[in-house]
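Take a look at the structure below.
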Ligand code: NDP
C-alpha cells in the first residue's frame, strides 16, 4: 500500500487544480522494465543476499575458489555457520559505515566548490549542483593520513576484519535511504521520474519514484552518485593493499596494477564530476533502491573483489603480462574518456575548438546528435571503453577463480541492457530524428560487430 499523501489545507477547487497540473507533469508510467514488480521484488530481496555471498567468497580458507565453478558448497556452509551468522551483527562496523557516509555529507556541505546548473528538466527548471567531489576525495585521504601518522597502517586492517559487518551496514543504509526517498516522493509538488510512477509500490520503490530527492539544497541522488560508493571503493582498496603490505612485507605487482587502475577510474570520475550531470542516472532515472543499493552497497562491496581476492591469494605476474594488461587498460580509458568528454564538450559548446569540426544532425527537440568522431563509430562507444577497463582490472587475478571476474560479467550485461534502455528513451524523445541518427551510426556498442 502506498504511504499516505500529506494532507494539504487547500480548498477542494484549488487542490483538484493542483492535482490536475501535477498529473500532467507526472504522467502515469505505463511500461515496466527489469521484469516488472516481480523482477523488482527479486532485486530488492536477492541482490543483498548475493553481496553477502560474495563476502565469504574470497576468504583465505577458500581453497575451492582455485577451481572455476567448483566447490561453492563450501561457501554456502560458511554462510550458514554460527560464526558467520554472529558476525552479521557488528555495531562497530555499523558505526564506521554510517560515520563514513556522514563524513562525506559533511564534506559536501563545507568544502568549497563551483555551483553549476544541471540540464533543463521537463518542468523547465534547472537544479544547481555543488562540484566538490574531488576535494572530498583528497580530504578523506588527508584526514586518514593525519590519523594514521602515529599508529602506522594497523588500523586499516579494520575493513578486512569487519568485512561482513560493513557489508550488512551498507545494506541497512541502502534500505533506509530508499524507504526515506520513497515516502518523501508523495509530498506534493515533487517531480517524479517518468519511469517510476506506475502506482505499484514495490516497482516504484525499486526503480525510483522521485527524480531529484533533496533535503533543502542537499541533492541526495547527486551526492550518492560519486561519493560514498566511489570514495568508499578507493578507501576499501587502500585498506586491502595496506593489509597485504602488513602480511607480506611488500605489495605484489598484481595488487599494484589493480590499485592503480581502479584508483585512476575513481579519481578520473571525481575530477570530471560535472560530466555526471548529463548521464541517465541524473537526467532520467528516479532515485530508488536500484541506485541507492548500487551506490551504497554494490559498488564498494563488489567492485573491490579483485583487491580482496589478491589479498587472500597473492600472486605476481611477469612484466610482459603486466605490460599487456596495462596496455588494455590504457586503450579502454582512451576510448571511455575520449567519448564521454567529446559529448560533454560538444553539448556545452558545439563551436568549441576540439569539437567544431564534428558532424552532427539537428533534432526537432533542439539538441544536436553527433554523427562523427567517437559518436560516429557506434552509438555507445563509451560503454566499450568502460568494459575493456573492467576486464583489465580482473586479469591480474589470473584464472584461478571466476569470482574476481564477476564485475566484467555483470557489467557486460548491465551495459547491454543500459544501451537498450537509452535507445528506447532516445527513440521516444527524438522520434524520426533518432531513426535518422541510427541509420547513419549503425552499430550499438562495438563498431563493425554489434
Ligand atoms: P551516456 O553518457 O552514454 O549518454 C547517453 C545520452 O547521451 C543519451 O541519452 C542522449 O541524451 C545523449 N546522446 C546519445 N547519442 C548522442 C550523440 N550522438 N550525440 C550527442 N548526445 C548523444 O550515458 P550513460 O549514463 O549510460 O553513461 C555514462 C558513462 O557512465 C558511460 O561511460 C558508462 O560506461 C558509465 N557507466 C558506468 C557504470 C558503472 O557501474 N561503472 C554504470 C553506468 C554507466 P540526450 O537526451 O541529452 O540527447
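Every number in this text was worked out from the coordinates using simple rules, so none of it is lab data. Please read all numbers here as calculations on a predicted model, not as lab measurements. We place every Cβ from the backbone using ideal geometry, glycine too, and count neighbours over all the protein chains shown.
A simple packing score, the average count of other Cβ atoms within 10 Å per residue, orders the peptides 225-232, 259-266, 247-254 as 225-232, 259-266, 247-254, with the highest score first.
Any chance you could give the angle, 0 to 90 degrees and rounded to 10, that helix 406-430 forms with the longest Cα principal axis of the chain? Value to nearest ten degrees: 10.
Spatially, region 366-427 and region 284-360 are offset by 9 Å when compared through their Cα centroids. Computed from Cα atoms, the angle from the helix 133-148 axis to the main principal axis of the chain rounds to 30 degrees. Helix-only arithmetic for the chain: the sum of -39500 (n - 2.57) across DSSP H runs with n ≥ 4, divided by the residue total, places the mean residue ellipticity at 222 nm at -18000 deg cm²/dmol.
Against the chain, whose longest principal axis comes from its Cα atoms, helix 319-348 is set at around 20 degrees.
Between 162, 74, 424, the residue with the greatest mean-square fluctuation in the GNM of the chain (Cα pairs under 10 Å linked by springs) is 424.
List the relative contact order of region 143-279 as a percent without decimals, with contacts defined as Cα pairs under 8 Å and 6+ residues apart. Provide the component values of the computation, followed by the final result.
On the way: 82 pairs, mean separation 33.8, N = 137.
Across region 143-279, relative contact order equals 25 percent.
Computed as a quarter of the hull surface, the mean projected area of the alpha carbon convex hull for the chain stands at 24.3 nm².
For the chain, averaging the sequence separation of C-alpha pairs within contact (under 8 Å, six or more residues apart) and dividing by the residue count gives a relative contact order of 18 percent. Put simply, when 399-405, 137-143 are sorted by average Cβ atoms within 10 angstrom per residue, most first, you get 399-405, 137-143.
Report the relative contact order of region 318-450, percent, no decimals, based on alpha-carbon pairs under 8 angstrom and at least 6 residues apart. Walk me through the numbers before you get to the answer.
Numbers: 143 pairs, mean separation 40.5, N = 133.
Across region 318-450, relative contact order equals 30 percent.
Which order do the peptides 204-210, 312-318 take when ranked by the mean count of other beta-carbon atoms within 10 Å per residue, highest first? Could the numbers behind the result be given before it?
Details: 204-210: 26.9, 312-318: 15.4.
Highest to lowest by the protection proxy: 204-210, 312-318.
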